[in-house]
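Shown next, in structure tokens, is the structure this report addresses.
The values are calculated or read from the model by the stated rules, or taken from the named source; none is laboratory data. On a predicted model such as this, the values are computed, not experimentally measured, just so you know. Heads up, the Cβs are rebuilt from the backbone with ideal geometry, glycines too, and the neighbour counts pull from every protein chain shown.
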């Protein structure tokens, strides 16, 4: 797929990797739907960065765990940008919790945000892609979805569920739509991470360094442009998954 001229929806595009992805796809000629839930100022900044380099797009608010919100957002994207070709399911929540201290509320929040929402966004997006005869979906998973971190129990299980969703979508939507996932390692740390926590994460990679948002964005572009990959989980984790 050529990115030039396509319409791309990036969920959670008001900051971090979502913003970097939105800006890069716009630089390559896509019209970008910048999704946000509550950080409107961040979404406007992403749009400003897109327009500053000559790109185009618009911001769209939606609560991704609300199917009516998602349906309304997809309709507005179709009306304003003319359709949909690419979906990057980037929005996510990340929180600690062991077996002992994970609450039902923690569990439900992370499962709904990290697995259920990407499924239903893809469900709503697929018909728009089918109308155009092709589409690409990229799900941002995590190496934790395969390793299962005991101190991030619900988060890990939610990302494992997303990996299963990724494979199921690939089977269901082929051959017109290719669906793949990216499993990042330590790239952007939470603000609350201590230096010791950062060093611990880095030491558990083979490359002994953190990655950059650009590493993830490059992988997104690769999966969009390659038409003979589907159902894959691409590890961009410095070798963390083989440790």
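Below is a table of values for the structure above.
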read-out: Residue within region 18-26 that is more than 25 Å from residue 190 (Cα to Cα) and either modelled with pLDDT of 95 or more or in contact with a strand residue (DSSP E or B) (Cβ under 6 Å, 6 or more places away or on another chain) (or both) present; value: yes
read-out: Test set (1) within 18 Å of the chain's Cα centre (by Cα); (2) farther than 30 Å from residue 193 by Cα - residue 79 fails condition number; value: (1)
read-out: Lone qualifier among 9, 25 - being within 15 Å of residue 62 (Cβ to Cβ), in contact (Cβ under 8 Å) with a residue 12 or more places away in the chain and either under 12 Å from the mean Cα position of the chain (by Cα) or surrounded by 22 or more Cβ atoms within 10 Å (Cβ to Cβ) (or both); value: 9
read-out: Checking residue 146 against (1) in contact with a strand residue (DSSP E or B) (Cβ under 6 Å, 6 or more places away or on another chain); (2) within 18 Å of residue 233 (Cα to Cα), the condition it does not meet; value: (1)
read-out: Region 62-78, residues that are buried (at least 17 other Cβ atoms within 10 Å of the Cβ) and touching a strand residue (DSSP E or B) at 6+ places or on another chain (Cβ under 7 Å); value: 62, 73, 77
read-out: Long-range neighbours under 6 Å by Cβ, at least six apart or interchain, first residue over 15 Å from residue 167 (Cα atoms) within region 214-232, second surrounded by fewer than 17 Cβ atoms within 10 Å (Cβ to Cβ); value: 224/1
read-out: Top-ranked residue of region 96-110 - restricted to ones that are in contact with a helix residue (DSSP H, G or I) (Cβ under 7 Å, 6 or more places away or on another chain) and not in a helix (DSSP H, G or I), ranked as farthest from residue 28 (Cα to Cα); value: 99
read-out: Region 92-121, residues that are touching a strand residue (DSSP E or B) at 6+ places or on another chain (Cβ under 7 Å) and within 22 Å of residue 39 (Cα to Cα); value: 92, 106, 118, 121
read-out: Elements of type helices (runs of 4 or more DSSP H) contained in region 1-95, each with 2 or more residues being under 24 Å from residue 156 (Cα atoms); value: 16-27
